[in-house]
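Accompanying notes for the structure given below.
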Amino acid sequence: MKQFKIEAQASLILEVVKALKYNSSGMGLREIYDIRIERPSYNNNRIIFTAKEGKEINPRDFFYLGLDIVI
């Protein structure tokens, strides 16, 4: 698996972006993945994580990121 996508409403995507920017697990993810945010409409937002060269996607990374998100 080379890509992982999160699709949600804008408010949830904003919380994921905050966690990527300010939390330790999010900062770690930025080292492992290239991250692209797409906002085609309010109800259809997504963040696409692509593993960097030589890295593998680990589902645990996203579990720990989820622990840092406060909704």
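The values are calculated or read from the model by the stated rules, or taken from the named source; none is laboratory data. Just so you know, these numbers come straight off a predicted model, no measurement behind them. Neighbour counts are summed over all protein chains in view; Cβ atoms, including those assigned to glycine, are modelled from backbone coordinates with ideal geometry. Accessible surface is based on the protein model in full, side chains and every heavy atom, while ligands, DNA and RNA are left aside. Shrake-Rupley method; radii C 1.70, N 1.55, O 1.52, S 1.80 Å.
Quick notes
- Computed lengthening from K2 to R39, 0.36 nm per intervening residue step minus Cα-Cα distance: 11.2 nm
- Separation of the L67 and E31 label points, Cα + 7 Å toward Cβ, nm: 1.7
- Sparse-neighbour loop sites [GluC sites (Glu not before Pro); the stretch 13-56; at most 12 other C-beta within 10 Å; DSSP]: E53, E56
- Calculated on the alpha-carbon coordinates, the convex hull of the chain measures out at 76 cubic angstrom per residue.
- Ordering Y22, Y64, Y33 by accessible surface, largest first, gives Y22, Y64, Y33; the 1.4 Å probe counts only protein heavy atoms, with every chain in place.
- Surface composition of the chain: carbon plus sulfur atoms hold 53% of the accessible area, using a 1.4 angstrom probe and ignoring ligands, DNA and RNA.
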